[in-house]
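One structure coming up, written as structure tokens, with questions to follow.
The values are calculated or read from the model by the stated rules, or taken from the named source; none is laboratory data. In this text, all values refer to a predicted model and were calculated from it rather than measured experimentally. Methodologically, a virtual Cβ is constructed for each residue, glycine included, from the backbone with ideal geometry; neighbour enumeration extends over all protein chains shown.
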Amino acid sequence: MAVIDVHTHMLNDEWLRRILEHGGKFTIKELGGQRALHDDGAPFMTLMDPMFDYAQRIKDMDDAKVDIAIVSLTCPNVYWGGKEISTSTARMMNDDMAAQQKAYPDRIRFFASLPWQYADAAVAELERALSIGAVGVFVSANVAGLSLTDESLAPIWAAIDKAGLPVLVHPGAPPGVAEMDMARFNMVASVGFMFDTSMAITRMLYAGFFETYKNLKIIASHAGAAIPYILGRLDFCHQNMPPCREVISDPPSSYIGQIYFDSVTFQQESLQLCLDVAGKANLMYGSDYPHNIGDMKGCLSRVDALPADAREAVRSKNAERIFNL
């Protein structure tokens, strides 16, 4: 039975050079003996050696018995540096990942990075990335502070919807990390990311996003963050609070079938809850490798501990279907 990892990342040296030169608020500092990228002084990504080494990735996939990785550039992606830098960096990363897909044709696929703040450039780069092999699109849960339901992004969503593509919604450092005191205890990773994804998906639900865009396939990172846990609350708020019914008449849970989830969670009970809420057709294996809290083997072991009728679908069948693999 094949295993397909839908949530896994790669960087390269040129991307790191550019974000440090053009990213403004992004810096590298030592953190517990490791190099970490910081956003407004708060650490959010430890730079791990395998992030830059595809040969090591393949070895680690072999060791974990993972067959295919759908790689993506992680947050903050290319949402910095202005239109020219953002667009050229997206192009550079897509070209790099396409080259790796050619080098490892049986093992690597990739999500396209786009300069989301610039709709015309993003749509053009989407078309180009698809022509060189991209199988989906990556987007951060906020684009440099911009909500994913912002009208300025509508042309990009329309193009993605027309192509019927999977979109990995991945958290970044949420706006206000300094005000929320997230630097201490490295709380961007533990809590901030979950908050960012939960806000983005909740906003999509209440904004009627899934009525407008019926063909794209949203993948909510990290087992949907808090969404499986609070879905009943979202429905109850919709029932009892008029602002929650400004756009949608049906409860948020009625759209859950249009959302996919990865398996990046670290306790069996959480993964089981996600399966119960999402259904076995909408949950896929993911690892978050090679982040320092990525866990190829652990995430797979929790998938393998799911009920037998769901295991094969989560390991590979759902990914094969939505990515046309």
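Just to be sure I understand, how many residues within segment 208-257 are out of contact with any strand residue (DSSP E or B) (no Cβ under 9 Å at 6 or more places or on another chain), assigned to a loop (DSSP other than H, G, I, E, B) and either of a type in the set (Lys, Arg) or modelled with pLDDT under 95 (or both)?
Here the count works out to 1.
How do the pairs read when you match residues in segment 74-99 that are touching a residue at least 12 places away in the same chain (Cβ under 8 Å) and within 14 Å of Trp116 (Cβ to Cβ) with residues anywhere that are part of a helix (DSSP H, G or I) and of a type in the set (Ser, Thr, Tyr), using Cβ under 8 Å and keeping only pairs 6 or more apart or on different chains?
Cβ pairs passing all conditions: Val78/Ser86; Val78/Thr87; Val78/Thr89; Tyr79/Ser86; Trp80/Ser86; Gly81/Thr89.
Being farther than 23 Å from Gly145 by Cβ, assigned to a helix (DSSP H, G or I), of a type outside the set (Lys, Arg) and out of contact with any strand residue (DSSP E or B) (no Cβ under 9 Å at 6 or more places or on another chain), is that true of even one residue in segment 192-207? Even if it seems obvious, please write down each step before you answer.
So the first thing to find is which residues in segment 192-207 are farther than 23 Å from Gly145 by Cβ, and the list is none.
Looking for residues that are farther than 23 Å from Gly145 by Cβ, assigned to a helix (DSSP H, G or I), of a type outside the set (Lys, Arg) and out of contact with any strand residue (DSSP E or B) (no Cβ under 9 Å at 6 or more places or on another chain), one finds none in segment 192-207, hence no.
Testing Phe261 on (1) buried (at least 21 other Cβ atoms within 10 Å of the Cβ); (2) free of Cβ contacts under 8 Å to residues at least 40 places away in the same chain, one condition comes back false. Which one is that?
(2)
So that you can scan it fast, the table gives a plain yes or no per residue for (1) without any contact (Cβ under 8 Å) to a residue 24 or more places away in the chain; (2) farther than 16 Å from Ala189 by Cβ:
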position	(1), (2)
Leu11	no, yes
Phe26	no, no
Glu30	yes, yes
Asp40	no, no
Met45	no, no
Asp67	no, yes
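So which strands (runs of 3 or more DSSP E) stay within segment 20-132 end to end and still have 1 or more residues that are modelled with pLDDT under 95? Can you show your working first?
Values: elements: 26-31, 34-39, 42-46, 68-72, 108-112.
The strands (runs of 3 or more DSSP E) meeting that bar are 26-31, 34-39, 42-46.
Also, I was wondering about something else. Quickly run through segment 133-150 and pick out the residues that are outside any strand (DSSP E or B), among the hydrophobic types (A, V, I, L, M, F, W, C) and modelled with pLDDT of 95 or more. I'd like the intermediate steps shown before the answer.
Initially, segment 133-150 is screened for residues outside any strand (DSSP E or B), giving 133-135, 141, 144-145, 148-150.
Now drop any that are not among the hydrophobic types (A, V, I, L, M, F, W, C), which leaves 134-135, 141, 144, 148.
Within segment 133-150, Ala134, Val135, Ala141, Leu148 qualify.
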